[in-house]
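Encoded as structure tokens, here's the structure I'll be asking about.
A short reminder: the numbers here are calculations on the coordinates, not readings from a lab. Please read all numbers here as calculations on a predicted model, not as lab measurements. Using ideal geometry, Cβ is built from the backbone for each residue, glycine included, and neighbour counts are taken over all protein chains shown.
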Amino acid sequence: MEISAWEIDILARRINSSISGYSLSTVYSIDQGALLRLRHETKHELLIAISSFATWLTTKNLALPQAEPFVTKIRETIERTKLTKVAQAGDERIAEFSFESKDGERNSLFAEFFAGGNLVLVDEKGIILETEKSQRFRHRSIIVGEKYELPPSRGVSLRVLTRESLRSLAEASLKSHEGSLTLVRWFGRTVGTSRKFVEEIFHKSGVILDIPFASISDKEIDLLAEAVEDLKKRLESSNKGYLLLPEEDLEEDQEVDVCSLIPSTWKALVEERKATIQEFPTLSEALDEAQVQALVLERRSKASKEIRSKAEELDSAISKQDVQIVKNKLNSEELRRIASELMQSYPENMDEMLVKKLEFIGIVERDAVRVGSYRFVNEPRAFVSSFSKSSAMASRLFDEAKRLESNNLNIFRSREDLLRRKQTLLDQTRISEERAAKRITLERRTREWFERYRWFLTSDLRLAVGGRDSTSNSIVINKYTETGDVVFHADIHGSPFFVLKTKGKQESDLGSSIELELAQATASFSRAWKDELGSADAFWVRPDQIKKSAPSGEYLPRGSFFIEGKKNFVKHVKVELALGIMTSDKLPHEGNEPAPDSREQMAQPVVICGPEKSLSGYCIALAKIAPGKEKSTAIARKIKQTLVGRVRNEGLKEAVKKMSIDEFIRVLPSGTYKLVSEKQNG
């Protein structure tokens, strides 16, 4: 797969237009590349895939279970820095990702999309800090400690190529004795673009590819220049992406390919029924699918490699049997013909030509002891010379013909058995490959900003966000609390701050029911759970009552705030929560941020933890928990099993089965647990 420099520019510009205000959360490894996970204070997270052939905004779960050494090293430098810019480097198939830390330190990650791909991290002076592959070339070196240099230009950029510049290039090349090249080879060397676009330009122009460059005319230059302009317009106006998928049973080595338009070479492959073309709304989505296809193909191949090897062995045995069946049939017919002729006449001395023919067929062989004598292979004691009468020899040959025909019947039965075994193996292969493909969970739900914290939706679908620790407590209060919101805190050390987003409603709209839900969540996510308390007290205040500094002479620990004025207490709330499964289309989307594609959202389950009364209105399955003795991993497995059993929609049930146990563990309060049965629920 080769993505052109022009398309790299399109992809880089698309990414750059989406990253304002985002910082790098972490870096993962993907197959032959890396995955950047970006987060924003109020927008949903972004994922940027950087493979060996392109970079794009992805919605897929492409991350490998374990980070490669290069990714582990660069995390230390660029994690938690701001991604300030993504741009094509020069006119090359290279993208530059620019990062800036809070201290003003700047680094760049160069992603090269040629020669198998490479990733290079440099400092603000361009000195290489880390590289995925150390390489030395004639014109530059990719070595840690050396200065990073772009590769020398491969030719004039397609973007700036005009009729006049093409004519000047042709004249210069003719003077430098390049006339021995074919026209297409000269064009490919002179113009810096991908092979598929060179072929498209020649197809559109109608100029013959392999004519000598020395014979190029002004007309042909004009035709090529017109085709270049047409291609540039098509590329600039294209907002879609296209995927070329080879037919599965195609023996030729045809690869998956991606393009922002449909080249004529692709159309030819479709007409020849060698491939199909899929259309996607964007080039990024086409690249996502290409990466998925490559991963599925690899997993399928690994899952069925041994079984396919056994099936190929059976196939070889069946082929040998087919050859033997044909050979036996021909030999049997020949023996019957010879026997019929012998019934008419039989020479006194056995005709040497006849003996040679029988030897060639494999019926007789020379005797090692009796020189000049021949005996029957199937019956070594029977010599040809002992058959003095033609009728006796004919009868013997008829018997040999019958034996070959009988052998064929046995081979046919054996062949049928081999075919059945082969089909069984092929069925096993198909099942193994389908299972392997199903186990790949590539769809990744777009995460909202509040999912980094404790959160749930109240029964009237208002968002409640709480801190996980002292740092996130500070962030929730300082960044996400607005005038009109309501802030909850438990009357116990080690409590989160929970903020109820009022969405413009008045404080008086809080209501006793919503008040109790927030109080229960705040108390249950506090130290009360770890201490296995049955109940705890909580209170709520207005945002303007929360002060960042303590009164004179007092000290506030990190993540703590001073509460001024009246506290509205909710007494003796039960320390108990529920875990539920909701669908991601019900998640709130803050401000003017558009919701992600609903087609994706409807298929995605979300694990949520909060008060049972809150969750029961919008979750499709619930399991209640209380402080107990079981550890997080054990209880998470039980909860997952319980929720899977309570999901009625088969599609969502399968999606929940594929969810990681870590997603269930992440939403649990700190401590130990027990499942509360429905009887206990009362």
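Given +1 on the Cβ of Lys and Arg, -1 on the Cβ of Asp and Glu, and no further charges, what dipole in debye does the chain carry about its Cα centre, rounded to the nearest 20?
Dipole size: approximately 2160 debye.
I want to check the label-to-label distance for Ser237 and Glu312. Put each point 7 Å from Cα in the C-beta direction and report it in nm to one decimal.
4.9 nm
Follow-up question, since we're still on this one. On a full-extension model of 0.36 nm per residue, what is the gain between Ile492 and Asp103, subtracting their alpha-carbon distance, rounded to one decimal in nm?
Result: 136.4 nm gained on full extension.
Determine, from the Cβ-Cβ distance of Glu149 and Asn649 and an R0 of 45 Å, the FRET efficiency 1/(1 + (r/R0)^6), rounded to the nearest 0.05.
The computed FRET efficiency comes out at 0.20.
R0 = 60 Å: FRET efficiency of Thr471 with Arg420, Cβ-based, nearest 0.05?
0.40
With the crude spin-label approximation of a point 7 Å out along Cα→Cβ, what separation in nm comes out for Glu255 versus Phe383?
For the pair Glu255/Phe383, the computed spacing is 7.0 nm.
Something else: Given Cα positions, please report Rg to Rh for segment 192-297, the hydrodynamic radius being the Kirkwood one.
Ratio of gyration radius to Kirkwood radius for segment 192-297: 1.04.
May I pose another question? Can you tell which of Val191, Ser168, Ser237 lies farthest toward the positive end of the dipole of segment 156-280, using +1 and -1 charges on the Cβ of basic and acidic side chains (Lys, Arg; Asp, Glu)?
Ser168
Given segment 1-86, what whole percent of its Cα pairs are spread farther than 18 Å?
More than 18 Å apart: 43 percent of the Cα pairs in segment 1-86.
Another question about this same structure. Local charge sum around Lys402 (other residues, Cβ-Cβ under 12 Å, Lys/Arg +1, Asp/Glu -1)?
Here the charged neighbours net out to 0.
Still on this structure, please answer the following. Beyond 20 Å, what share of the Cα-Cα pairs of segment 310-438 remains, rounded to the nearest whole percent?
That fraction is 56 percent.
For the pair Glu564 and Glu271, how long in nm is the line joining their label points, each one 7 Å along Cα→Cβ?
8.0 nm
Roughly how many Å is it from the Cα centre of segment 14-62 to that of segment 267-282, as a whole number?
Segment 14-62 and segment 267-282 have Cα centres spaced 28 Å from each other.
Given charges of +1 on the Cβ of Lys and Arg and -1 on the Cβ of Asp and Glu, with all other atoms neutral, how large is the dipole of segment 5-142 about its Cα centre, in debye to the nearest 20?
In debye, rounded to 20, segment 5-142 gives about 80.
Same structure, new question: Report the Cα centroid-to-centroid distance between segment 609-658 and segment 186-202 in angstrom, as an integer.
If you average the Cα positions of each part, the centres end up 57 Å apart.
Moving on to the next point. Let me check I have the definition right: for the chain, take the eigenvalues of the Cα gyration tensor, multiply each by 5, take square roots. What are those semi-axes in whole Å, largest first?
Taking √(5λ) for each Cα gyration eigenvalue gives 70, 43, 21 Å.
What relative contact order, as a whole-number percentage, does the chain give when Cα pairs under 8 Å and 6 or more residues apart are counted?
Relative contact order comes out at 8 percent.
May I pose another question? Counting only other residues whose beta carbon sits under 14 Å from that of Pro611, what net charge do I get with K and R as +1, D and E as -1?
Spelling it out: positives minus negatives among the neighbours equals 0.
Just subtract the alpha-carbon distance of Ser180 and Thr672 from 0.36 nm times their residue separation and send over the number in nm, one decimal.
Gain on stretching Ser180 to Thr672: 169.2 nm.
Could you work out how much longer the chain between Gln66 and His139 gets when fully extended? Use 0.36 nm per residue separation minus the Cα distance between them, nm to one decimal.
22.8 nm
For n ≥ 4 DSSP H runs only, could you compute -39500 (n - 2.57) per run for the chain, divide by its residues and tell me the 222 nm figure to the nearest 500?
-13000 deg cm²/dmol
Report the one residue of Ala225, Leu181, Pro69 whose Cα lies farthest in the direction of the positive end of the charge dipole of the chain (charges on C-beta: Lys and Arg +1, Asp and Glu -1; origin at the Cα centre).
Sorting the options by dipole projection puts first Pro69.
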